[in-house]
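Q: Could you have a look at this structure, given as structure tokens, before my questions?
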Amino acid sequence: MMTRRTAIAALAGCPLVAGSVSPRRIEQFKKLRFGMFVCWSFSTFSEKEWTPGIASVDYFKPTGFDPDQWVSTAKRAGMSYILMLAKHHDGFCLWDTRTTGRKVTRSPLGADVVAGVLKSCRKHGIKLALYFSEGDWTWPGAVDGKSGQGGSNPAQKKVQLKELLTGYGPIEFIWFDHAVGDGGLSHAETTAFVKGLQPDCLVGYNHGEASGDLRLGEMGHGSALDDLAGSGYNAKYAKGYSGYVAAEFTYPILGGNRRGTPQFSRWFYTRPEWNETVTPAEDIYRDYLGAVHHGNIFSLDVAPTRAGKLREIDVRTLEKVGRYVRGQIRLP
């Protein structure tokens, strides 16, 4: 019988084969236009964006898990994909990985979240994309809670990516977060590894060495591919790189995140004082129009609660956005 260690070693041997993105695939990708970025993990319970210092997976204890509500809401909003957080910097995996016991199937929830989201996506005709933190505070050399110090474990990074890319169907794109480092595998190597598994999967990096084919835009907005104004925090890293074929931008639905206003909130939101705080549907729709105009895709972060459901105010707002998208109502 193959042990977990030998299985990991075998999976990590996947060759670094680069791929290219065809013009047809690029145009197909741009038609995604609008999707829901789902952030749900330890930080849902900490009231902080980053959540270091957690030793037990029992920390993740939602009272419910309703991916069908998430995906059906996205569908009504006129969205075409879900961008699901698979692993944040704390190393907690939202799928049933073989690489670590620090995973959702060993938490009180006891369910493979990525698999559940995929099932709902297929039911509603929605595509799946993944967020993945490259570094991991549980890896060798990491400093728990520190930016840029997510340790080094290139073999495990590759195995985790292979599990996701071979076990959960076609992945439209991967949103790599470089906030705590590259995990010991450079961006060029990471891109080639992904392409060796799924050539049509677009690859983007939030900060760090420019690579891949998707320009990410944390706190960005719609813009032409050669106009880095829309790439938000990532602009300085994207400068001078010519490999992008498409652009994405993202921000949270929680209010106070629009351009020109203070950013007081983040991607996971659970504090009671934020219960009625939301970006107006009209502002979201205007950014949707910007994405369509420039051929970008727009990933709107909508975070589930500790009960595993979207907030009622978010659902109402998204349903109104959907009416704008379908032309049922018009901007004032």
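The values are calculated or read from the model by the stated rules, or taken from the named source; none is laboratory data. From a predicted model like this one, the values you see are computed outputs, not experimental measurements. Glycine gets a Cβ as well: all are built from the backbone with ideal geometry, and neighbour counts include every protein chain shown.
Q: For GLY181, work out the one condition from (1) over 17 Å from ARG215 (Cβ atoms); (2) touching a residue at least 60 places away in the same chain (Cβ under 8 Å) it doesn't fulfil.
A: (2)
Q: Conditions: (1) on the phi > 0 side of the Ramachandran plot; (2) over 16 Å from the mean Cα position of the chain (by Cα). ALA192 meets all but one. Number of the miss?
A: The failed condition is (1).
Q: Whether any residue in region 100-120 is under 27 Å from ASN206 (Cα atoms), out of contact with any strand residue (DSSP E or B) (no Cβ under 7 Å at 6 or more places or on another chain) and free of Cβ contacts under 8 Å to residues at least 40 places away in the same chain is what I want to check.
A: Yes, the conditions are met somewhere in region 100-120.
Q: Right, next: Pairs only if they're at least six apart or on different chains, beta carbon under 6 angstrom, first in region 215-242 and without any contact (Cβ under 8 Å) to a residue 12 or more places away in the chain, second surrounded by 13 or more Cβ atoms within 10 Å (Cβ to Cβ) and in a loop (DSSP other than H, G, I, E, B); list them, first residue then second.
A: Taking only residues 6 or more apart or on different chains, the pairs are ALA229/SER223.
Q: Here's a follow-up. Could you say whether any residue in region 133-155 is in contact with a strand residue (DSSP E or B) (Cβ under 6 Å, 6 or more places away or on another chain), under 23 Å from CYS121 (Cβ atoms) and polar (S, T, N, Q)?
A: yes
Q: Looking only at region 293-321, how many residues end up being part of a helix (DSSP H, G or I) and crowded, with 17+ Cβ neighbours inside 10 Å?
A: 7
Q: LYS158: over 24 Å from THR250 (Cα atoms) and of a type in the set (Lys, Arg), yes or no?
A: yes
Q: Further question: Taking region 187-209 as the region of interest, how many residues are out of contact with any Ser or Thr (no Cβ under 9 Å at 6 or more places or on another chain), surrounded by 21 or more Cβ atoms within 10 Å (Cβ to Cβ), in a helix (DSSP H, G or I) and touching a residue at least 60 places away in the same chain (Cβ under 8 Å)?
A: Number satisfying all stated conditions: 1.
Q: Test THR97 against the criterion of being surrounded by fewer than 24 Cβ atoms within 10 Å (Cβ to Cβ), β-branched (Val, Ile, Thr) and outside any loop (DSSP other than H, G, I, E, B), and give yes or no.
A: Considered against the rule, which asks whether it is surrounded by fewer than 24 Cβ atoms within 10 Å (Cβ to Cβ), β-branched (Val, Ile, Thr) and outside any loop (DSSP other than H, G, I, E, B), THR97 comes out as no.
Q: In contact (Cβ under 8 Å) with a residue 12 or more places away in the chain, out of contact with any helix residue (DSSP H, G or I) (no Cβ under 8 Å at 6 or more places or on another chain), surrounded by 21 or more Cβ atoms within 10 Å (Cβ to Cβ) and over 21 Å from TYR59 (Cβ atoms), is that true of LEU128?
A: no
Q: Then there's this: Residue pairs, Cβ under 6 Å, 6 or more apart or interchain, first in region 147-167 and in contact (Cβ under 8 Å) with a residue 24 or more places away in the chain and surrounded by fewer than 20 Cβ atoms within 10 Å (Cβ to Cβ), second part of a helix (DSSP H, G or I) and small (Gly, Ala, Ser). List them.
A: Close Cβ pairs (under 6 Å, with a partner that is part of a helix (DSSP H, G or I) and small (Gly, Ala, Ser)) amount to ALA155/ALA12.
Q: Turning to a different aspect of this structure: Confirm whether MET84 is within 27 Å of VAL143 (Cα to Cα) and among the aliphatic types (A, V, I, L, M).
A: Spelling it out, MET84 is indeed within 27 Å of VAL143 (Cα to Cα) and among the aliphatic types (A, V, I, L, M).
Q: Tally up the residues in region 264-284 that are modelled with pLDDT under 85, out of contact with any Gly (no Cβ under 8 Å at 6 or more places or on another chain) and not in a helix (DSSP H, G or I), please.
A: 3
Q: While we're looking at this one, here's another question. Just to confirm my filter: which helices (runs of 4 or more DSSP H) fall fully inside region 1-67 and include at least 2 residues that are modelled with pLDDT of 95 or more, surrounded by fewer than 17 Cβ atoms within 10 Å (Cβ to Cβ) and within 21 Å of the chain's Cα centre (by Cα)?
A: So the answer is 23-30.
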